[in-house]
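The values are calculated or read from the model by the stated rules, or taken from the named source; none is laboratory data. Keep in mind that what you see is a predicted model, and the values were worked out from it rather than measured. When we count neighbours, we look across all protein chains shown, and the Cβ atoms used for this are built from the backbone with ideal geometry, even at glycine. Accessible surface is based on the protein model in full, side chains and every heavy atom, while ligands, DNA and RNA are left aside. Shrake-Rupley method; radii C 1.70, N 1.55, O 1.52, S 1.80 Å.
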Amino acid sequence: MHDDLEYTIRRSPRARRIRVKVDPHEGVEVVIPQRATTKEAQAAIAELRPWIDRRLQEAEAARARLASPPGTVPFLGAHLHLRHEAGRTRAHRKDDVLRVPESNSREALERWYRAEARREIAPRLARATGALGRPHTTLAIRNQRTRWGSCSSTGAMSFNWRLVLAPEPVLDYVVWHEACHLVVMDHSRRFWALVERHVPDYREPRRWLRRNGAALVLPALP
């Protein structure tokens, strides 16, 4: 028994085997086939416990590295000072101050980030697809848990709004990464050569995102 580790068990009709998922935001989940038992789920947790602990520790270390100073939130490598104001219904930025409502401030803040993500990503994507000569069809800003961006075969593009919590070079890299999929849909050597042609130092932001992506979440608000 591992009573000190909290986890949830979810039965899935599509699951063929037991899988353990470690999400820095939603915790540990064991996905089991319909006929599997809770004892089998517990056995999977016991077997994978070192890996689970390592993933959780990595996420905690990333959050500590990227922690914003008290009273601030991150935005493209900078820190914006939060100011709660009575009577306000939406977040509004002026210089380095972000004014938010006194109540439901987190919802207003996320709406602001989503709008800013679209405002930041749209022109970057247009420049990238223009340089590649492969226009995209649609742009969506989403709330994915495990993906930073995606590109469909029809040219539909989507990006995670949390990218604007990262430094600007990271956002630029992800936009170029997905734009290059309009030319090469896989992650072959040809694909990475194309990325490198347009983002010569792409390995650094890619490494940063792998190391710190779990910490790209809004801090708790007062």
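Quick one: if the Förster radius is 30 Å, what FRET efficiency do Asn104 and Gln144 give, using the C-beta to C-beta distance and rounding to 0.05? Intermediate results must be reported in sequence, preceding the final value.
Values: r = 23 Å, r/R0 = 0.78.
Plugging the Cβ-Cβ distance into 1/(1 + (r/R0)^6) gives 0.80.
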About the Cα centre of the chain, how large is the charge dipole given +1 on each Lys and Arg Cβ and -1 on each Asp and Glu Cβ? Please answer in debye to the nearest 20. 720 debye
For region 141-222, with all protein chains present and a 1.4 Å probe, just round the carbon and sulfur fraction of the accessible area to a whole percent. 49 percent
So what does His84 come to for accessible area, using a 1.4 Å probe and Å² rounded to 10? 60 Å²
Under a GNM of the chain (C-alpha, springs under 10 Å), which listed residue has the highest mean-square fluctuation: Pro13, Pro167, Pro123? Pro13
So for the chain: antiparallel DSSP bridges make up what percent, rounded to the nearest 5? 50 percent
Check: C-alpha center region 159-185 vs C-alpha center region 79-151, spacing in Å is 14 Å
Among (i) 24, 21, 18; (ii) 27, 21, 18; (iii) 32, 27, 17, which is the computed semi-axes √(5λ) of the Cα gyration tensor in Å? (iii)
What percent antiparallel are the DSSP beta bridges of region 43-147, to the nearest 5? 60 percent
